[in-house]
Amino acid sequence: MSETLDLPLFPLNTVLFPGMALPLHIFEERYLSMVNECLDQNRQFGVILAEPKVGTEVPTGQHTIGTSALITHVDRLEDGHMDIVTAGLERFRILDWTRREPYAVARIEPFPLEGTQTQELVDLVKAASAYFVRYLRLAGDVLGTVIRIESAPRDASTLAYMMAIALQISNDEKQTLLSTPSLPTLLWREAVILSREEVLLGQMKQVQEANTGYVRGISDYLSLN
């Protein structure tokens, strides 16, 4: 996207980031129509975080930052529904609403990250990468899954979006990350979140190990009696 344009919008209970794959099951008539139009016209649609129920299913303007989505795969089902896979492309900012029915269309402009060439990025990337690798390893330990990662991406923008996608935090926090204007600020915020989550995961791991030891002790006791 290089200028303002009208983009159909799909409010979802998720936050889409650039570089993120998002599978969707399409069943509502209005969004089936929207997806078909996007396919026919080879165009994208925008994903924004759905707002709390306020008596209407169309966006009211609470969230103005979203991400454009490209449809990369389509399966048309016998019941007329569709399973699609999309890829997040670029952040955008909503300027105005073109229409709200049967689905929302908004006038948008690109919302690229600022500060992508600042000197402070070198130290921020180093610190955030270290937190990210430890976070993934701890998350794997807690979930009982092996997450193999030796190092994080060196490109600051790629790293920032990868961390935003991987973080297991609320949609409100993710929306705050998506709406952050500058890359240095985004990396700093993610480093703070990763530091917080590392502490929580460490506590969860200790509880799991303590419970495992307790169960093993009971088992050993029962086997001797």
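Coordinate-derived values only; no laboratory data. As the structure is a computational prediction, the values presented were derived from the model and not from experiment. Note that each Cβ is placed from the backbone with ideal geometry, even for glycine, and that neighbours are counted across all protein chains shown.
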- Exposed-loop-free span, longest in the chain, where trypsin sites (Lys or Arg not before Pro) count as exposed if DSSP calls them loop and at most 16 other C-beta atoms lie within 10 Å: 155-225
- Roughly how compact is the chain, stated as its Cα Rg over 2.2 N^0.38 Å to two decimals? 1.24
- Label-point separation, T72 to E209 (7 Å along Cα→Cβ), nm: 3.8
- Item | the range 116-176: GluC sites (Glu not before Pro) in DSSP loop, at most 15 other beta carbons within 10 Å | E120, E150
- Message: Compute for the range 60-106: radius of gyration divided by Kirkwood radius, i.e. Rg/Rh, restricted to C-alpha atoms, rounded to two decimals.
- Response: 1.07
- Message: So if I take the centroid of the Cα atoms in the range 68-126 and the same for the range 1-42, what is the distance between those two points in Å?
- Response: 8
- Query: Looking only at G19, G88, G80, which one moves most when the chain is put into a Gaussian network model with springs between Cα atoms under 10 Å?
  - Reply: G80
- Net lengthening on full extension, S195/H25 (0.36 nm per residue, minus Cα-Cα): 57.7 nm
- Item | Estimated dipole of the chain in Debye, rounded to 20 [Cβ of Lys and Arg +1, of Asp and Glu -1, Cα centre] | 560
